[in-house]
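**Q** Dropping a structure here in C-alpha cells format, bear with me for questions.
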Amino acid sequence: MTVIPPPRIAWWAQRVDNNIASIRLRCSLIIEALRAKGMNAGFYRKQDPAPAVLILSKLYDRASVAHALELRRQHGTTVLLDLCDNHFHNPKQLQKLAGRDAELRDAVASVDGVIVSTEKMGEIVAENCDKPPPIHVAGDALDDPLDLGPLLTFERLKAEIALGRLRRALARDGKVVRLVWFGNHGVSYAEGGMTDLARIRPAIEALARKVPLTLTVISNNRKKYADVVSGWSIPTHYLRWHRATIGRALELHDISVIPVALNPFTVVKSNNRMVTSIAHGLAVVADPLPSYLPFAGVSVIGDWGPRFETLVTDAGARHHMAEAAKHFVATHYSTEIVADAWAAAIRAAFGRAISAQDDIAGP
C-alpha cells in the first residue's frame, strides 16, 4: 500500500532567529509541537518546493506576498498570514513605517486566512481591513528552552557567567523578596517596555519600607535599565536576556511584575510573559491586558496596592497562588494545547487532513 505523506506546512519569516520572540514562540516551538503530532512542518526558503500551506510570519511586504500568491496560482498553496503585533499603529508617524499599514491591509485582503495571537489582535485586523478572510486565534507556545546543542558559544558562555554573577548578588542580598521584570526593553514606534517600571516604583518602594525587596531586570538594554532604576531606594540587578539562561534566572525570584501601559500597541499582546512567569514558579502581579484577564483567579491583575502587598508580605499566599497558577497553565495553556489550536486553524484554512492522525478529510 502506498503511504501518502502529510502535506507540507511551512513558515516563512524574514529572518529565522530564535532570539526573536515571535520566531521562537510562533514558529520554531509550534513547528516542533506539530511535528510531534505527525505533521510535516518546517521553515520555508524561496528555493524550496511549494508547500501545501505557507504561513507568512509577520511578512507582508509586497514582494513576499506576490511570491506567496504565485505559489498559490501555480501550485494551489494555501497562504496564511500570522500577526502578533499591531502594525496598523504608528502613533509617532515615523517615516520608516509610512505605508506599512497599507501593505498590511493589501496582504490581509490577498491571503486565504489570518492567524492572530489574541482575540484583541483579531478585532484590530477586522476593524482595519475591509472584508478580511477568516481570522483564527492561535496563541504563543510556552517559552521552553529550545535545544541549544552541546556547543558552548562565546555568547552563551558570557550568559552563563552573567547568570552566576546574578545568583551570587542575590545571595548577598540575604533574606528578601525578589521581584523580577523581564522582556524587550521597548520599540521606537510605540510606548511601553522597560519604562513601564517607573509607574510602579512608588508602590514597590512603599512596600520595601515594610519588607526588604530587590528588583531584577532581565532585558536587552543595560543603558535603559540604568536610566529607569536611577535613584531607586531598593537594590536592583540587571541580566542580559539569553534563551539559555532565562528560565533558570526567573526561578531565582519570587514575584514577576508586569506593568503594561494600555495602548493600541500593547492591548493586543499575548499572555506570553504571564505564562512564562507562572511556568517557572513565580507569583504574578500584572496590569489588565485583555490576554491576562483569564488569569485573574490565579494572579493579581490590576492591583498594585493591597493584593500586591499580600503577595509580598505573605509567603504562604505567594506559594499557594504560584501553585494554583501552575495547574491552571498546565490545564489550559500547555504547548500541546496551543499546538492543537494552530492545527485547527491550519486545517480549517487548508480544508483537508494535515496529518495521518486526522480522522476526516476536512476542517
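**Q** Under a point-charge model restricted to the Cβ atoms of Lys and Arg (+1) and Asp and Glu (-1), what is the dipole moment magnitude of the stretch 154-332 relative to its Cα centre, in debye to the nearest 20?
**A** For this selection, approximately 640 debye.
**Q** Test of understanding: in a Gaussian network model of the chain with alpha carbons linked when under 10 Å, which of Arg45, Arg72, Arg35 would top the mean-square fluctuation ranking?
**A** Result: Arg45 has the largest fluctuation of those listed.
**Q** Taking the Cα centre as origin and putting +1 on Lys and Arg beta-carbons and -1 on Asp and Glu beta-carbons, what dipole magnitude results for the chain, to the nearest 20 debye?
**A** 1140
**Q** When the helices in the chain are scored as -39500 (n - 2.57) per DSSP H run of 4 or longer and the sum is shared across all residues, what 222 nm value do you end up with, to the nearest 500 deg cm²/dmol?
**A** That comes out to -11500 deg cm²/dmol.
**Q** In square nanometres and to one decimal, what's the mean projected area of the convex hull around the Cα atoms of the stretch 1-86?
**A** 6.5
**Q** For a footprinting-style exposure proxy, rank His89, His332, His253 by other Cβ within 10 Å, fewest first.
**A** Lowest to highest Cβ neighbour count: His332, His89, His253.
**Q** Could you tell me which helices of the chain pass both thresholds, a Cα extent of 18 Å or more along their own axis and a mean Kyte-Doolittle hydropathy of at least 0.0, with helices taken as whole DSSP H runs?
**A** Helices meeting the criterion: 335-350.
**Q** Sorted from largest down, give the three principal axis spans of the alpha carbons of the stretch 135-239, whole angstrom values.
**A** Ordered largest first, the stretch 135-239 gives principal extents of 44, 41, 25 Å.
**Q** To the nearest 20 debye, what charge dipole does the stretch 125-251 have about its Cα centre, counting +1 at the Cβ of each Lys and Arg and -1 at the Cβ of each Asp and Glu?
**A** Roughly 860 debye for the stretch 125-251.
**Q** Another question about this same structure. Set the Förster distance to 25 Å, then compute FRET efficiency between Arg307 and Thr195 from the Cβ-Cβ distance, nearest 0.05.
**A** Calculated transfer efficiency: 0.55.
**Q** While we're here: Sorted from largest down, what three extents in whole angstroms do the Cα atoms of the chain have along their principal axes?
**A** Principal-axis extents of the chain (Cα, largest first): 68, 51, 42 Å.
**Q** Tell me, what is the percent relative contact order of the chain, built from C-alpha pairs under 8 Å that lie six or more residues apart?
**A** 17
**Q** FRET efficiency for Ala324 and Lys46, Cβ-Cβ distance as r, R0 = 51 Å, nearest 0.05?
**A** The formula returns an efficiency of 0.60 here.
**Q** Which is farthest toward the positive dipole end of the chain among Ile124, Ala102, His280, measuring Cα position about the Cα centre, with Cβ charges +1 (Lys, Arg) and -1 (Asp, Glu)?
**A** His280
**Q** On to the next question. Quickly work out the Ala98-to-Arg209 label distance, labels modelled 7 Å from Cα along the C-beta direction, and quote it in nm with one decimal.
**A** Here the answer is 5.1 nm between the modelled labels.
**Q** Please report Rg (one decimal) and Dmax (integer) in Å for the Cα set of the stretch 154-332.
**A** 15.4, 45
**Q** Between their Cα atoms, which of Lys175/Lys210; Lys46/Lys131; Lys58/Lys223 are more than 18 Å away from each other?
**A** Too far apart for the 18 Å limit: Lys46/Lys131; Lys58/Lys223.
**Q** Looking at Gly174, Met194, Ser270, which one has the Cα that reaches farthest to the positive end of the dipole of the stretch 154-332 (charges on Cβ: Lys, Arg +1; Asp, Glu -1)?
**A** Gly174
**Q** Related question: Identify, among Ala208, Val257, Thr313, the residue whose Cα sits farthest towards the positive end of the charge dipole of the chain, taking +1 on the Cβ of Lys and Arg and -1 on the Cβ of Asp and Glu, with the dipole about the Cα centre.
**A** Checked the options; the winner is Ala208.
FYI, it's all coordinate maths here, none of it is from the lab. Source: prediction; values computed, not measured. Positions of Cβ are generated from backbone atoms using ideal geometry, with glycine treated the same way; all protein chains shown enter the neighbour counts.
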